[in-house]
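Enquirer: Encoded as structure tokens, here's the structure I'll be asking about.
The values are calculated or read from the model by the stated rules, or taken from the named source; none is laboratory data. Values in this document were obtained by computation on a predicted structure and should not be read as measured data. Note that we place each Cβ from the backbone using ideal geometry, even for glycine, and neighbour counts take in every protein chain shown. Please note that ligands, DNA and RNA were not included when accessible areas were found on the heavy atoms of the full protein model with its side chains. Shrake-Rupley method; radii C 1.70, N 1.55, O 1.52, S 1.80 Å.
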Amino acid sequence: MNKIVGYNLKVLRKSKNMSQEEAADHLQISQSAYARMERGESTSWAIHFNKICQIFEISPEELVRKGLGDSVYESLMNTERQTEIAMLGVYRKIIKQYELQIEDLKTIIKHLNKGKN
């Protein structure tokens, strides 16, 4: 059970873009104590059960459900992949603009060199 909850804690924390330290602060525990909960090495999550559910806005059943992390993780990965695809599109447009500017500069240089001769 500790491993399941630990994995769910990690996925939920990452889905909220929180550090372990931030999650620990919400629970008023040390970062190392929180890290032990995520690794499944501690049962102290049970003491903080209700507070964890409030922080991550989940039901108690979701915290202990095996596989919860999978759907949250897949959702996170889809979002990250969409962001990556959008960024690639932006980078391609920027590169294209620079390529056009380079071509314009080559033309200008060519005309300037003709004027010297």
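Enquirer: When we measure straight from the Cα of Lys110, which lysines land under 30 angstrom away, once same-chain ones fewer than 8 places off are left out?
Expert: Lys93, Lys96
Enquirer: Let me ask another. For the chain, which whole-number percentage of the solvent-accessible area (1.4 Å probe, protein heavy atoms only) is attributable to carbon and sulfur atoms?
Expert: Taking all protein chains in place, the chain shows 54 percent carbon and sulfur surface.
Enquirer: Continuing with the same structure: Using helices alone, I'd like the mean residue ellipticity at 222 nm for the chain: each DSSP H run of four-plus residues gives -39500 (n - 2.57), total over residue count, nearest 500.
Expert: That calculation yields -26000 deg cm²/dmol at 222 nm.
Enquirer: Could I ask something else about it? Pick from Val64, Val11, Val90 the residue whose mean-square fluctuation is largest in a GNM of the chain, springs joining Cα atoms under 10 Å.
Expert: Per the Cα network of the chain with a 10 Å cutoff, Val90 tops the list.
Enquirer: So, one more: Given a 10 angstrom Cα cut-off, can you work out which residue in Gln31, Gln82, Gln97 is the most mobile in a GNM of the chain?
Expert: Maximum fluctuation in the GNM of the chain, among the listed residues, is at Gln97.
Enquirer: Next up: For the chain, with every protein chain kept in place, what is the accessible area per residue (1.4 Å probe, Å²)?
Expert: On the way: 8540 Å² over 117 residues.
Value for the chain: 73 Å² per residue.
Enquirer: Can you name the helices of the chain, as whole DSSP H runs, whose Cα span along the helix axis is 30 Å or more and whose Kyte-Doolittle mean is not below -0.5?
Expert: Counting only whole DSSP H runs, the qualifying helices are 68-116.
Enquirer: Which residue fluctuates most in the GNM of the chain (Cα springs below 10 Å): Leu12, Leu88, Leu100?
Expert: Maximum fluctuation in the GNM of the chain, among the listed residues, is at Leu100.
Enquirer: Now for a separate question. Compute the relative contact order of the chain as a whole-number percentage, counting only Cα pairs closer than 8 Å that sit 6 or more residues apart in sequence. Don't skip to the answer; put the middle values down first.
Expert: On the way: 81 pairs, mean separation 31.8, N = 117.
For the chain, the relative contact order is 27 percent.
Enquirer: If we sort 19-29, 51-61 on the protection proxy, mean other Cβ atoms within 10 Å, highest first, what's the order?
Expert: Per-residue Cβ counts within 10 Å, averaged per peptide and sorted highest first, yield 19-29, 51-61.
Enquirer: How about Lys66: which lysines have a C-alpha closer than 29 Å to its C-alpha, ignoring those fewer than 8 places off in the same chain?
Expert: Answer for Lys66, where 29 Å is the Cα cut-off: Lys3, Lys10, Lys14, Lys16, Lys51, listed by chain and number.
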